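Right, one structure below, let's go through it.
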């Protein structure tokens with residue numbers, strides 16, 4: 001059996017009882033480590049499970065599916081994912097490859113940022129399409145994601161922005177080499193995201209949605225579900241100066257109108273600079 | 001401390017390790033039992049926790065917050081919610097009431113249908129606003145939720161439809177009486193939802209989104225995350241004849257275009273009548 005198990009928000013005790021029981025009886029356990037990150041570290045997990053973990057980076061997941069799946073028709077293999085198993089396309093693809101080989105697949109769900117973001121008090125059914133904000137480079141500065149934010153806003157909806165993560169990204173210089181060299185991990189902060197958004201909005205706002213501006217309300221979240229979780233509510237302009245500390249961060253662009261409970265709940269995190 | 005703990009998709013082993021540890025050391029444990037349902041029953045939970053559970057129905061949660069919160073400044077009280085704690089507005093309200101009284105609140109997140117729905121292979125970031133389909137009565141037949149489905153469709157997005165649940169609803173006759181009488185629990189099935197949707201669409205489609213019709217692709221899901229989970233992909237018309245068995249059911253209206261992985265994944269659940 002091939003098990004794909006959500007670890008939840010990233011602390012080792014966020015695994016479900018069902019997930020933990022399965023992990024303990026598996027012959028091989030992979031830990032996916034490039035679409036999100038653990039807050040507790042691999043060693044804490046290994047100690048808690050009493051098992052060695054095999055790190056599955058992007059290369060292994062996208063090109064080494066055979067290696068991951070080998071033997072899972074006759075033995076038990078677990079593939080652990082921070083958040084919920086279906087948070088990233090590559091995991092869906094892995095399940096599909098297993099099924100195509102006649103391997104039985106069992107999924108254990110868990111919390112992901114997509115629902116845990118409700119902790120700021122904004123109602124989950126008032127969110128529109130989720131967007132991802134990528135790191136800009138000098139030559140690649142995509143801005144099409146703001147159209148989705150504008151569109152959600154026009155439909156009276158909030159937008160959850162997932163902020164870019166770069167883990168084990170090869171350096172440009174080593175892309176053509178046999179031996180890849182990797183950049184240090186990078187995680188976009190709410191202030192970087194707010195800065196980038198403001199730049200795009202300033203360029204485009206006159207002709208599009210004038211209501212979204214530097215004074216728009218947004219919510220910065222860090223380490224959701226952890227003991228040191230932080231939530232800040234302020235204007236987009238003020239968010240550019242906010243430091244929420246360690247990753248992971250997420251940013252919400254608040255819709256144009258709030259339910260009284262949403263408003264009261266947000267107020268406890270509100271800062272005015 | 002007041003703990004609000006997500007139980008996940010409804011089996012007793014879907015609780016997280018963190019959640020279970022907290023429940024075991026609480027003085028009073030409430031089980032919210034009207035916005036969703038357990039698949040395993042209250043007794044299985046009590047046996048697993050080694051604790052008696054107090055059922056919190058709509059009346060208690062909406063009018064008896066004081067009773068729930070009493071003593072949670074000096075002792076530990078847990079409030080258990082199927083899915084994630086922030087799935088329903090009333091839970092957010094309960095957290096707010098606790099905080100307003102100076103009671104410390106700790107949240108333990110878990111999976112909810114909002115992210116677990118990814119199990120059908122449709123990518124979560126390709127979903128628009130979630131809608132709820134209510135039971136119609138003879139005199140109350142709201143249809144405004146289809147506008148949200150149309151809107152998502154025009155934006156190339158899928159729509160998750162949460163189907164109505166009626167648990168401990170007072171009968172109309174007893175509404176004015178002191179002693180309330182309750183209707184038996186009801187859960188909307190995918191076939192009921194598809195029927196209702198088709199009626200609305202047939203009435204309106206000519207002038208609105210002609211692409212959404214009886215031949216539109218939809219996904220019916222039942223008991224997501226359980227061992228007897230079922231997923232069926234077919235046209236909206238065919239869905240009216242599908243019986244997915246026990247609750248809970250959810251319905252997805254598939255957007256106009258699919259990623260190749262989404263298409264391949266859905267195909268394994270596809271039936272053609």
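What follows is calculated from the coordinates using simple rules that are stated; it is not laboratory data. Note that this is a predicted model, so its numbers are computed, not measured. A quick note on method: Cβ atoms are made from the backbone with ideal geometry, for glycine too, and the neighbour counts reach across all protein chains shown.
From Cα pairs below 8 angstrom and at least 6 apart in sequence, can you work out the relative contact order of chain A, rounded to a whole percent? List each step's numbers first, then the result.
On the way: 499 pairs, mean separation 50.4, N = 273.
Relative contact order, chain A: 18 percent.
Return the percentage of antiparallel bridges among DSSP beta bridges fully within the stretch A:2-111, rounded to the nearest 5 %. Could you put the intermediate results ahead of the total?
On the way: 1 of 17 bridges.
Among the beta bridges of the stretch A:2-111, antiparallel pairing accounts for roughly 5 percent.
Can you figure out the FRET efficiency of residue A:25 with residue A:174, using R₀ = 35 Å and their beta-carbon distance, to the nearest 0.05?
Numbers: r = 40 Å, r/R0 = 1.14.
That gives a FRET efficiency of 0.30.
Among B:233-239, A:140-146, A:5-11, how do they line up from the highest to the lowest mean number of other beta-carbon atoms within 10 Å? It would help to have the intermediate numbers written out before the result.
Details: B:233-239: 21.1, A:140-146: 13.9, A:5-11: 26.0.
So the peptides B:233-239, A:140-146, A:5-11, ranked by packing, come out A:5-11, B:233-239, A:140-146.
Give me the percent of DSSP beta bridges within chain A that run antiparallel, rounded to the nearest 5. Mind dumping the intermediate values first?
Working: 19 of 40 bridges.
DSSP beta bridges in chain A are roughly 50 percent antiparallel.
Taking a label point 7 Å out from Cα toward Cβ, give me the nm distances from residue B:179 to the same spot in the other copies, shortest first, one decimal.
8.5
Would you please classify the overall shape of the protein assembly as shown from the alpha carbon gyration tensor, given that a ≥ b ≥ c denote the square roots of the eigenvalues, rounded means a/c under 1.5, and beyond that prolate means a/b larger than b/c while oblate covers the rest? Show your work: numbers first, answer last.
Values: a/c = 1.18, a/b = 1.16, b/c = 1.02.
Rounded is the answer for the protein assembly as shown, as its axis ratio a/c remains below 1.5.
For peptide A:88-98, compute the average count of partner chain beta-carbon atoms within 10 Å of each residue's beta-carbon.
On the way: counts 4, 8, 1, 1, 12, 5, 0, 4, 6, 0, 0.
The per-residue average across the peptide is 4.
Could you tell me how many degrees, from 0 to 90 and to the nearest 10, lie between the Cα long axis of helix A:89-100 and the main elongation axis, the longest principal axis, of the Cα atoms of chain A?
30
Most fluctuating residue of B:26, B:161, B:218 in a GNM of chain B with Cα springs under 10 Å: which is it?
Among B:26, B:161, B:218, the largest mean-square fluctuation in the Gaussian network model of chain B belongs to B:26.
As an exercise, take the mean of 1/r over every pair of distinct alpha carbons in the stretch B:97-193, invert it, and state the Kirkwood radius in angstroms. Walk me through the numbers on the way to the answer.
Numbers: mean 1/r = 0.0591 Å⁻¹.
It works out to 16.9 Å.
Among rounded, prolate and oblate, which fits the stretch A:1-61 when a ≥ b ≥ c are the square roots of the eigenvalues of its C-alpha gyration tensor, a/c under 1.5 means rounded, and a/b larger than b/c means prolate?
Numbers: a/c = 1.43, a/b = 1.12, b/c = 1.28.
Verdict is rounded for the stretch A:1-61.
Using a label point 7 Å beyond Cα on the Cα-Cβ vector, give me the inter-copy distances for residue B:97 in nanometres, one decimal, shortest first.
Label point to label point, same position, other copies: 5.1 nm.
Taking R0 as 60 Å, what FRET efficiency do you get between residue B:144 and residue A:139 from their Cβ-Cβ distance, rounded to the nearest 0.05?
The formula returns an efficiency of 0.85 here.
Between B:178, B:99, B:199, which gets the highest mean-square fluctuation from a Gaussian network model of chain B, Cα cutoff 10 Å?
Fluctuation is largest for B:178.
I'd like the mean, over residues of A:260-268, of how many other protein chain beta carbons sit within 10 Å of each residue's own Cβ. It would help to have the intermediate numbers written out before the result.
Working: counts 1, 6, 2, 0, 5, 6, 0, 1, 3.
If you average over the peptide's residues, the count of other-chain Cβ atoms is 3.
For peptide B:9-16, compute the average count of partner chain beta-carbon atoms within 10 Å of each residue's beta-carbon. Please list the in-between numbers first.
Details: counts 5, 0, 3, 2, 8, 7, 3, 15.
Counting Cβ atoms of other protein chains within 10 Å of each residue's Cβ and averaging gives 5.
Determine the shape class of chain B: with a ≥ b ≥ c the square roots of the Cα gyration tensor eigenvalues, call it rounded for a/c under 1.5, and otherwise prolate if a/b is greater than b/c, oblate otherwise. If you can, show how the numbers build up before the last one.
Numbers: a/c = 2.10, a/b = 1.64, b/c = 1.28.
Since a/c reaches 1.5 and a/b is larger than b/c, the shape of chain B is classed as prolate.
Return the distance in nm (one decimal) between the two label points of a simple spin-label model at residue A:57 and residue B:273, each offset 7 Å from Cα along Cα→Cβ.
Distance between the two pseudo-spin positions: 5.1 nm.
Most mobile of A:149, A:68, A:261 per a Gaussian network model of chain A (Cα springs, under 10 Å)?
Residue with maximal mean-square fluctuation among A:149, A:68, A:261: A:261.
Would you calculate, for chain B, the mean residue ellipticity at 222 nm contributed by helices, counting each DSSP H stretch of 4 or more residues as -39,500 (n - 2.57) and dividing by all residues, to the nearest 500?
On the way: 10 runs with 80 residues, N = 273.
The helix-only estimate for chain B comes to -8000 deg cm²/dmol at 222 nm.
To the nearest 0.05, what FRET efficiency results for residue B:99 and residue A:156 with a Förster distance of 30 Å applied to their C-beta separation?
Details: r = 27 Å, r/R0 = 0.88.
The formula returns an efficiency of 0.70 here.
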